[in-house]
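Notes follow once the structure below has been shown.
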Amino acid sequence: MPLWTKNKTLLLVALNVEFAALAFFAIYSIYGLVDYRKEHDLQIETEVKRYKSILLADQLRQSSDDLTRMVRSYVVTGDPIYAKYFDEILDIRSGRSSMPENYNRIYWDFKIVERDHIKNEQGVKKSLRDLFYDVGISESERRLLTIAEERSNRLANIEHEAIIEVKEKTSSIINQNNYFPTKKIVNMVFGHYYNETKKDIMAPIDLFLYSVEKRTYEELNDIQEKTALYLNRLVYGSIISGAIFLAMLATYFRYRKVLVLALAETEQRFRSMFENHDAIMLLVDPLNGRVVDANIAAQTFYGYSLEEFKQLSMGQISCPEVGNSNDEIPGSEKIEQPVSQSRHFVSNGETRDVEVHSTPIEFNSRSFLFSIIHDVTERNRLIESQKRLAQMAAIGELAANIAHEINNPAQAIISFAELIVEEPGDEGLVRQVSPKIAREGIRIGEIVKAALHYSRSGVQDKKLCDVRKILNDAIFLLKGKIGKEKIELVVNSVENVPLVSIVSREIEQVIINLVGNSIDALNELNEAEREKKEIVISLKFEKRVRLVELCIFDNGPGIPERMKNTVKDAFFTTKEVGKGTGLGLSIVDGIMTSHGGRFEIQSVEGEFTKAILYFPVDAS
């Protein structure tokens, strides 16, 4: 077998070429058939025109003969009925009277026998000359018929004179049986001059018939040549189309065979890759969530054999309390996120954090979910540890600010207490300073409460929270530092911001981290570079895409173009040694991803930086 017959692409090209050739010759054959039918119809039309032309010439000749018969009968017998019929023939020929439907060469034979008792169905009024134009003859042929008609009309004038002579003679005879034509009258319709004039009528009619026959022969000959050409096109086009169709069938079956072999090879390759790959792989029925197949790595990780796997559904493997089952469990009918975080049971009852990558595939004419599962338990533990370290680092950075915030109300309390000690019996003084001591104590309590909430350890579940409250709490902890650095803070927040499902402490950590970055960036500027240092925080709800957007803007030095693609990488930092771990933005990105949200950075070097957080809002 030639090499090209094993190549799927070349076979497909050959199939397309054959299809195009088949379409061309099929259209070629169809046009041949259409043209053949046209020429065939034209041949019939030409034959009909020839027949009508002969009938027309015969009608002209017959009308002349009928006039001759009527005038001669009238001259011989003197019977006025023949004069009447003579006038009727002229009226029909000139279009003054309607032509009977049964008007043919034996019409007047029946008319003479039946006299006026024959019933005639009347047709249209049309002169013989008008009929010349209806038949579709050539101009030269029309002139020949016109000449014949004019000669017939001249002969009719002679015949009419003879009829007048007979009428004058019969008018003086009492008994009709005594009528006998005169020699003059007989000579008018039977003489040599009459016969020669009659012969002159027939000459152009004969020429007309010869012209019609010649023209018809030429037209039919041309039609037959074209008909043969179109018939050959139809026959050869059909034969070639049939041959191409057979070749196309052969190519199709070869192509199908190659596809089947390629599919079998692909399935074998997929099976080998699926079975032997180190990654955990599952094939899941999306209708019921049942595990259809599991590779060796999956069997080792979960501790189930393939037969045991096939008895399980993903709902039995996944921990129901973690996440949204419709989004995270492969096997749900609706997979909104191709990559999701979940927690799965293994055979010994332990749970493992996993990252599930799911995509729909077609296999054996059925739809499945192909899921690759990564064990991220250790990674999550490290991330949590990193979050905690970053949180403690932030607390360390905030410690001085918190001490300063507590020191002011503490000094006020001490001062008020010393006044009471100096004047122990002054009840008015006690009543005056007691509310102030209580107010300053409450302020210290709020500062300590905020610090304790931020530094609290342990796992929190997602809850519906007000992002505005979390934003205000974060700003409260940073307000002292912002004021100390002489930075202007502007907060723009709309009223109707919907609640979002988040871990409040993590989002507060994100906001503190990003605002802290803005403060550090602004501190890098000197007075000459920026007269006014500004942080603008805006919070709004985008109804069209159902996202809560939190934007933190600063007019600091911005991010250099070469660093924009690496700022979210772990351990990347632009700060001096000892002033940053490089975990901040990578943790922010991880926290937003775990919330189903998005973290974006927009910056122009030397002008500004925007850190934008997007929180999805549940449609319900």
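The values are calculated or read from the model by the stated rules, or taken from the named source; none is laboratory data. These numbers were taken from a predicted model, which means no experiment stands behind them. Cβ sites come from the backbone with ideal geometry, for glycine too, and all protein chains shown count toward neighbours. What goes into the accessible areas is simple: the full protein's heavy atoms, side chains included, and nothing from ligands, DNA or RNA. Shrake-Rupley method; radii C 1.70, N 1.55, O 1.52, S 1.80 Å.
The calculated FRET efficiency for the pair PHE190 and GLN224, based on their C-beta separation and a Förster distance of 41 Å, comes to about 0.25. Counting protein heavy atoms only, region 21-146 has 56 percent of its accessible area on carbon and sulfur, 1.4 angstrom probe.
Mean projected area of the Cα convex hull of region 1-104, taken over all directions, amounts to 12.1 nm².
Dipole of region 15-170 (Lys/Arg Cβ +1, Asp/Glu Cβ -1, origin at the Cα centre): which of SER73, GLY32, SER152 lies farthest to the positive side? The residue sitting most towards the positive pole is SER73. Rounded to the nearest 0.05, what FRET efficiency do GLU378 and VAL494 have when you use their Cβ-Cβ distance and R0 = 41 Å? Calculated value: 0.50. For the set LYS469/LYS610; LYS169/LYS198; LYS484/LYS532; LYS84/LYS167, the pairs lying more than 23 angstrom apart at their alpha carbons are LYS169/LYS198. FRET efficiency for the GLU213 to TYR236 pair, using the beta carbon distance and R₀ = 41 Å, is estimated at 0.75. Using a probe radius of 1.4 angstrom, the carbon and sulfur fraction of the accessible surface of region 212-275 is 65%.
Probing with 1.4 Å while keeping every protein chain in the model, the per residue accessible area of region 255-309 equals 57 Å².
Taking the average, over residues, of other Cβ atoms within 10 Å as the packing measure, peptides 56-63, 274-281, 477-484 rank 56-63, 477-484, 274-281 from highest down. Considering only alpha-carbon pairs that sit under 8 angstrom and 6 or more positions apart, the relative contact order computed for region 486-563 is 40 percent.
Probing with 1.4 Å while keeping every protein chain in the model, the per residue accessible area of region 142-217 equals 61 Å².
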